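The values are calculated or read from the model by the stated rules, or taken from the named source; none is laboratory data. Predicted model, so just to flag it, every value in this text is computed and none were measured. Ideal geometry is used to build each Cβ from the backbone, glycine not excepted, and the neighbour counts take in all protein chains shown. Side chains are part of the model used for accessible areas, which takes the heavy atoms of the whole protein and leaves out ligands, DNA and RNA. Shrake-Rupley method; radii C 1.70, N 1.55, O 1.52, S 1.80 Å.
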Amino acid sequence: MDEVVAMSAARERFRQVISKDTCTLAANIFDPLSASIAHLLEYEVCVLSGSVGKVANLGVPDIVLSNMSDVVDHCRRITRIADVSLMVDAEDGFGNAVNVSRTVREMEAAGVSAIEIEDNVVPKQFNVARPGLVSTEEQVGKLKAAVAARTDPTTVIVARSAALGECSMEEAVERIKAYSETGAEAVMLTGCKSRAQLQAIHQVTSLPICVLSPPADARTDLAFLAANGVRILMLGNPTFAVAVKAIYDSLKHLKDGNALEDLAERQASSALLRVVNHTDEFIGLQEKYLRP
């Protein structure tokens, strides 16, 4: 399939997910391998968050500022090997509204289906837990710039907001109302603490809602989430944490002098490895194009 056609097809699949009246669980992935596994398991949407993206790609924590090129290259490696609809955390757009325009163009070229632009202030120093939010006016300008920058109209701009955890409910509602009028086609909420907050946001926007780690009593209540406009549910990054522990435990097991055979049951089968590393696909290319 032509690369441009493949990108558009992935974006159309993302749009189909957010246009349904049901809530879809996204796969929070962190690299091409995890994206390939999510595709194998038929997840409809993959999400690359900034926190795990930084440590998986650069080996640094979320308090370190990555640049736009770091994230774009990471996305390109994911979409090139895995046919997934990828939503990416583009942080604050990596600068002002003009920088946001470039970020959108570059991420589109990398095959991203949906681009989150958040309203958090990017801290200028390490270890700032709650840097606050940019003004509503600044965020509205960024979102409008993001929408205008698209070269493919099927790319979805997502207005990401931490307002529920950073300011009063009244201000959070007003922010979401303003963001919803920018041309962005979805809203992403972080810091949601209660069902009532989610219901209040749903009342002021007709846009599809994406929620990161909603209240514990709502995480498995897909009917409630769907009834309140939630179309994509994200449960954080447990897959990444599990993978890190598995790597640590296996390396320590061997370093401590334990037997390789003890790890046999914890290892992926050769058949599964063959699928996730696309062995048959590349053998097919060899057979089709290599000549003695």
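Data overview
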{"item": "Extended-chain gain in nm, criterion 0.36 nm per residue less alpha-carbon gap, ILE247 and LYS20", "result": "77.9 nm"}
{"item": "Most mobile listed residue (ALA243, ALA227, ALA110) in the chain, GNM with C-alpha springs under 10 Å", "result": "ALA243"}
{"item": "Lysine pairs in the chain with Cα atoms under 30 Å, if 8 or more residues apart or on separate chains", "result": "22"}
{"item": "Ranking by accessible area, most exposed first, for SER206, SER269, SER161 with a 1.4 Å probe", "result": "SER206, SER269, SER161"}
{"item": "Extension reserve of the LYS288-ARG102 stretch, reckoned as 0.36 nm per residue once the Cα distance is removed", "result": "63.1 nm"}
{"item": "Theoretical ellipticity at 222 nm over the chain - DSSP helices of four or more residues, -39500 (n - 2.57) apiece, nearest 500", "result": "-15000 deg cm²/dmol"}
{"item": "Where labels lie 7 Å past Cα in the beta-carbon direction, separation of GLN203 and ASN258 in nm", "result": "5.4 nm"}
{"item": "Summed side-chain charge close to ILE117 - residues other than ILE117 whose Cβ falls under 9 Å, Lys, Arg +1, Asp, Glu -1", "result": "-3"}
{"item": "In segment 1-40, the trypsin sites (Lys or Arg not before Pro) that fall in loop regions by DSSP, at most 14 other Cβ within 10 Å", "result": "LYS20"}
{"item": "Relative contact order for the chain, counting Cα pairs under 8 Å that sit 6 or more residues apart, in percent", "result": "18 percent"}
{"item": "Fluctuation leader among ILE115, ILE247, ILE78 - the chain, Gaussian network, Cα springs under 10 angstrom", "result": "ILE247"}
{"item": "Principal-axis tilt of helix 238-255 within the chain, Cα atoms, nearest 10 degrees", "result": "30 degrees"}
{"item": "For segment 177-223: Kirkwood Rh in Å [reciprocal of mean 1/r, alpha carbons]", "result": "11.3 Å"}
{"item": "Phi to ³J(HN,Hα) by Karplus 6.51 cos²θ - 1.76 cosθ + 1.60 over segment 104-113, Hz, x for Gly, Pro", "result": "4, 4, 5, 6, 4, 5, 8, x, 6, 8"}
{"item": "Degrees, to the nearest 10: 136-149 long Cα axis against longest axis of the chain", "result": "50 degrees"}
{"item": "Normalised convex hull volume, segment 1-118, alpha-carbon set, Å³ per residue", "result": "103 Å³"}
{"item": "Dipole moment magnitude, nearest 20 debye, the chain about Cα centre, only Lys, Arg, Asp, Glu C-beta charged", "result": "140 debye"}
{"item": "Most to least packed among 276-282, 189-195 [average Cβ atoms within 10 Å]", "result": "189-195, 276-282"}
{"item": "Cα pair count fraction exceeding 19 Å, expressed as % - segment 50-115", "result": "27 percent"}
{"item": "Listed residues ALA159, ALA268, ALA184, most fluctuating in the chain (Gaussian network, C-alpha, under 10 Å)", "result": "ALA268"}
{"item": "Bins of 5 Å from zero: percent of alpha-carbon pairs in the chain", "result": "1, 5, 11, 15, 18, 16, 13, 8, 5, 4, 2, 1, 0, 0, 0"}
{"item": "Unit charges at the beta carbon, dipole of the chain: most positive-side option, VAL276, LEU263, LEU198", "result": "VAL276"}
{"item": "Counting DSSP beta bridges with both ends in the chain, the antiparallel % (nearest 5)", "result": "5 percent"}
